[in-house]
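In what follows, a single structure is set out as structure tokens and then discussed.
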Ligand SMILES: Nc1ncnc2c1ncn2[C@@H]1O[C@H](COP(=O)(O)OP(=O)(O)OP(=O)(O)O)[C@@H](O)[C@H]1O
Ligand SMILES: [Mg+2]
């Protein structure tokens, strides 16, 4: 049997102090097995990003503990690569440099050729080769999201953490990247955690889906095992009774929570239009003057 790679033990997490204290996650118990693909679905604001950040090491629990391979998680690590919800690219680096930086971090001993070859392979995988010299501010939201996907996959982390990684993409690109993520996950027997608000995406990709109940004081809902053979064929799945059954069960659970409408709403507003924090001549007249174009 495979080992537990992640364990949440009676984990609670709150934000704010005193009267403003809000408990976001309450008494979460969860184990993720090595090699497993787990998806968490939930409503907006329920605490999904908080939960994934407790594994990435960006946050620590206020109560209980989160273990990675049996040890409490202290800070971030290359072992756990994350695709952030807001892309978080370095605004002063172009596409190639953003990915190459990550590759270099994981492989400090590699030659420049090795780094370039590896970086270009992953940029090509997300179909961004023609844009490899562009800065994040010159890219669309979907393109930035693809850079973020390429960067995380290029690091080949032991555990891949994905916080709504494909939300800003059109259906076609989304489908291609779902397959790439699955390919890398299965080829290297990695562990994956996917946060998504798309139940179909969760069922297509995961071995197990757990809804996160709406917060505050969010708790985990029942787990649904996705016992569909791999590799999965999206077209064939649509008429597969097992697929339909589990998909309907999860959707019904969410509907029964009385919050289905919120989920729909979230899907519409899924594209966060985060612009890189880059001073430009329009917002900073000072820069314009300096360049002598005032
Ligand atoms: N740093 C913070 N300080 C205070 N409150 C916070 C902070 N980060 C998140 N919250 C609150 O905690 C709750 C959960 O936030 P979180 O980002 O984990 O939700 P989410 O499920 O990822 O939402 P979404 O689907 O919109 O991404 C929200 O109500 C949010 O307002
Ligand atoms: Mg979030």
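Hey, among 177, 172, which residue is more than 16 Å from ligand 1 (Cβ to nearest atom), free of Cβ contacts under 8 Å to residues at least 60 places away in the same chain and closer than 14 Å to residue 125 by Cβ? Outline the logic, then answer.
Values: 172 fails: closer than 14 Å to residue 125 by Cβ.
Just a single option satisfies the conditions, and that option is 177.
Of everything in segment 30-44 that's within 15 Å of residue 202 (Cβ to Cβ) and within 13 Å of ligand 1 (Cβ to nearest atom), which residue is farthest from the chain's Cα centre (by Cα)? Top of the filtered list is 43.
Candidates are the residues of segment 162-194 that are in a strand (DSSP E or B), within 16 Å of ligand 2 (Cβ to nearest atom) and buried (at least 23 other Cβ atoms within 10 Å of the Cβ); the one that is farthest from the chain's Cα centre (by Cα) is 193.
Evaluated against (1) assigned to a helix (DSSP H, G or I); (2) under 22 Å from the mean Cα position of the chain (by Cα), residue 245 falls short on exactly one condition, (2). Of all residues in segment 77-126, those that are out of contact with any helix residue (DSSP H, G or I) (no Cβ under 6 Å at 6 or more places or on another chain), assigned to a loop (DSSP other than H, G, I, E, B) and farther than 17 Å from residue 139 by Cβ total 7.
When every residue of segment 48-71 is checked against the conditions, at least one turns out to be over 30 Å from residue 214 (Cβ atoms) and in a loop (DSSP other than H, G, I, E, B).
Can we say residue 42 is buried (at least 21 other Cβ atoms within 10 Å of the Cβ), modelled with pLDDT under 95 and over 19 Å from residue 215 (Cα atoms)? When the stated conditions are applied, residue 42 does not pass them. Listed residues 47, 81, 57, 64; which is on the phi > 0 side of the Ramachandran plot, under 16 Å from the mean Cα position of the chain (by Cα) and touching a residue at least 24 places away in the same chain (Cβ under 8 Å)? Residue meeting the stated conditions: 47.
The values are calculated or read from the model by the stated rules, or taken from the named source; none is laboratory data. Keep in mind that this is a model prediction, so the values were computed, not measured. When we count neighbours, we look across all protein chains shown, and the Cβ atoms used for this are built from the backbone with ideal geometry, even at glycine.
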